[in-house]
1. Quick one: is residue B:91 open to solvent by less than 40 Å² (accessible area, probe 1.4 Å) and either aromatic (Phe, Trp, Tyr) or touching a Gly at 6+ places or on another chain (Cβ under 6 Å) (or both)?
2. Which number in (1) within 19 Å of the chain's Cα centre (by Cα); (2) not in a loop (DSSP other than H, G, I, E, B) marks the one condition that residue A:131 misses?
3. Looking at (1) within 25 Å of residue A:345 (Cβ to Cβ); (2) surrounded by fewer than 19 Cβ atoms within 10 Å (Cβ to Cβ); (3) within 11 Å of chain B (Cβ to nearest Cβ), find the lone condition where residue A:209 falls short.
4. Taking into account only those residues within region A:25-56 that are open to solvent by less than 20 Å² (accessible area, probe 1.4 Å) and within 17 Å of the chain's Cα centre (by Cα), which is nearest to the other protein chains (Cβ to nearest Cβ)?
5. Condition (residue is closer than 30 Å to residue B:112 by Cβ, open to solvent by 40 Å² or more (accessible area, probe 1.4 Å) and in contact (Cβ under 8 Å) with a residue 24 or more places away in the chain) applied to region B:182-193: is it met by at least one residue?
6. Filter region B:207-228 down to the residues that are in contact (Cβ under 8 Å) with a residue 24 or more places away in the chain and assigned to a loop (DSSP other than H, G, I, E, B) and list them by number.
7. Give, as residue ranges, the helices (runs of 4 or more DSSP H) completely inside region A:29-102 that count at least 2 residues that are closer than 25 Å to residue A:207 by Cβ.
8. Restricting to region A:285-326, name every residue that is open to solvent by 20 Å² or more (accessible area, probe 1.4 Å), closer than 13 Å to residue A:250 by Cα and away from chain B (no Cβ under 14 Å).
Amino acid sequence: MKNAWIYSFLIFILISCSSEEAVELGVDNGYTPVQIELEIPQLFKDKLLAPNIPTSNPQTQEGIQLGKKLFFDPILSSDKTISCATCHDPQKAFTDNLQFSKGVNDGIGTRNSMPLFNLAWNFDDRFTWDGKQLSIERQAFEPVTNHVEMNNDWKEVANRLKNHTDYPELFKKAFGDTPIDSNLVVKALAQFERTLISGNSKFDKFLRGETTLTSEEQNGFDVFMDESRGDCFHCHGSNNNPLWTDNKFHNNGLDATFTDLGLGAVTGDANDNGKFKTPSLRNLAFTAPFMHDGRFATIEEVINHYSEGLKNSSTIDPLMKKVNQGGVQLTDLDKADLKAFLLTLTDSDFTNNPAFQLP
Amino acid sequence: MIKKLVYILMLAVTIWSCSSDSDETLQNKKITINFIHEWDGTLVTKDDFNDIKFKNENGDSLSIEKYRYVLSDIKLVDPSGFETPLKDYLFIDLGEEQNLSYSLEELILDRTYTLRFTFGFTDEKNQDGVYLDLNTASFNVSPGLGGGYHYMQFDGKFKTETTTTPTGFNYHVIRAVDNTDPNNLVFQDTSFTVNLADIWLKNTTETINVKVNIAEWFKNPNTWKLDELHQMLMPNFDAQVLMNGNGKSVFSL
């Protein structure tokens, strides 16, 4: 008998819990957002752990639609001239081609904009070049108030959205009656960002057995995988890690002394000085210039850096070889082939995906 | 299969007899295995990383920046030879403090056991691309060396009398492969079995502390000279055979 009371109490709690959940998902206005799964390429399913989607922000059709609209809308910036897409252009694999992006009032930052794709597979959840943002949601708070980016404040953003002709309805569909605020904006943006998946390059097709590599591309891949030549794979993925990044932080020998401490400024540990997040090598054809400060304009310059331009410092990664000679001195042929291979990671289906274009 | 049946029968008999003389009872035990890393008796944690403060047998000074490895086929073996599998494989990362301690519950007899595991993967288990967590951690071996996985990645910097500026080393352990003829790779399975004997498991919670002496990689039986062997060791068949020799004394109780 006593048990019966406990059980009914439990059931009561469960019911109230689930309705709370439902409010968040929008049941209150008689409308439930449609949860949808990420469209994961088969190769990713076969090779990688399942992507990271926080239970506090499930992917829904309405949330993604809203996030997409917000991503492309300059309404988020103080003078309504800059959207996320200004610096993260879908045609350029969601980065821009400037060394340092221009924000509101031509404000200029100190880091190269980053391409956005396959973000849900960053299992350490550390974002930006120095890893200071600890989730996609949290990252999205930052550009809106950054003075050299959107230079706005969140109260103003919320007011504009509340008084807009379309947004209140869209927020309601995605999140129910929760008042529009920064939390909902970043949730929607993050849902859209998680859908940005790039997995259909020539090399992906090669791995799926749908195409063959030229002998140059094949040799370039061998250089990439060979410990005595390029040895890129210890950090930049492989045929078995189609992310083409380890999402970890390293010092790849760009400088002897650091003007930007990178991860070190975030952790406060001098052993992390000069370490930056390994970028994915997908879509390099669209994402120049390269490195955290956009110092290299071309893939050739990057390869020359690894081959003979390495600079020693106490935190340089032990994987960097023959540092006193500037690197392993690849032959001209290996360099050209390495570039040819890197370009097989170009995914134009991603940059042209209609789901990712300006609404 | 037959062996297993016989064992279960024996077990049943034992349990039966146990109730009378209560010597060896079958009990659900929570077993915790700790991997305690050390340098010749001095504890090593991630806080000791990045500092050129260790000295190996040859007198080379070195630091640790990455130390991660795979143990597979982890099991308990009792005096009759019966095996209780504990874990298919474990990916241990000292720098990221991943799997330094592993716990599980197992229904086993109160007995003395040997903890047995393979360092790395035997050829049979060293299948290319099949372990998703290891792919995600980029622990793979390139197709040019036959694919599969690293057994260990141990990176750091060293200094010697001749190498006066700190220089990177990559003590990467894999299945030895001779790639002189890329179209005809010659392999040698350099994974090895570790047996840690005489572990009394008699309580409902038991802890097994496995010592991992990193210094052993450089001394026993082969005195390792980092000046000669520090990088590009993956395609170096002979270096892999030396590593296999030295690794066998790394683990102890």
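The values are calculated or read from the model by the stated rules, or taken from the named source; none is laboratory data. Just so it is clear, the model here is predicted, and its values are computed rather than measured. When we count neighbours, we look across all protein chains shown, and the Cβ atoms used for this are built from the backbone with ideal geometry, even at glycine. Ligands, DNA and RNA are stripped out before the accessible areas are found, and what is left, the full protein with its side chains, is counted by its heavy atoms. Shrake-Rupley method; radii C 1.70, N 1.55, O 1.52, S 1.80 Å.
1. yes
2. For residue A:131, the exception is condition (2).
3. Among (1) within 25 Å of residue A:345 (Cβ to Cβ); (2) surrounded by fewer than 19 Cβ atoms within 10 Å (Cβ to Cβ); (3) within 11 Å of chain B (Cβ to nearest Cβ), the lone unmet condition for residue A:209 is (3).
4. Looking at residues that are open to solvent by less than 20 Å² (accessible area, probe 1.4 Å) and within 17 Å of the chain's Cα centre (by Cα), I get A:48.
5. Yes, the conditions are met somewhere in region B:182-193.
6. B:219, B:220, B:221, B:222, B:223, B:224, B:225, B:226, B:227
7. Output list reads A:42-47.
8. A:291
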